[in-house]
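Working notes, structure below.
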């Protein structure tokens, strides 16, 4: 029985190079189209204001993005490790699938964090304003659901 040797070094190096040139980003794209043209700011700006707060506008910080991604780390890390293993095997598609799986896990974690309710609770005046608009929800960051639903992930080439 003979031994067959296959030189896969070139494919492996291309796969690794392709992997290190990509990154998985989780957040709200600035171009998120969920808002109407007549609304003054988009979901990305709203998300930033909610994440960091705006003392000038009396809006408390309600961090959801960074903590939501951090909550997913234990599940995301094995996916990324398997992506590296796929790249080492020369499997570019497998590496990208693992990156996508990691992105989806982080995206869902951020959305779940919003669904669980971010403190502080809404003020009575905010709840009254919601009721006037026909809204009955009391969960911070969820009024129409547009902000939560705009959270996504992308895989892109590093800049």
In Å, what is the Rg of the alpha-carbon atoms in region 84-159, and how long is Dmax?
-> 18.7, 59
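For region 23-128, count all C-alpha to C-alpha pairs, find those more than 18 Å apart, and express that count as a whole percent of the total.
Details: 3338 of 5565 pairs.
Tail fraction, whole percent: 60.
Let me have the 222 nm mean residue ellipticity of the chain computed from DSSP H runs of 4+ only, each contributing -39500 (n - 2.57), with the sum over all residues rounded to the nearest 500.
Numbers: 7 runs with 84 residues, N = 159.
It comes out at -16500 deg cm²/dmol, rounded to the nearest 500.
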The chain, relative contact order [Cα under 8 Å, separation at least 6], % = 32 percent
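Where a number appears in this text, it was derived from the coordinates with a stated rule and is not lab data. The structure presented is a predicted model; accordingly, all values stated were derived computationally and were not measured.
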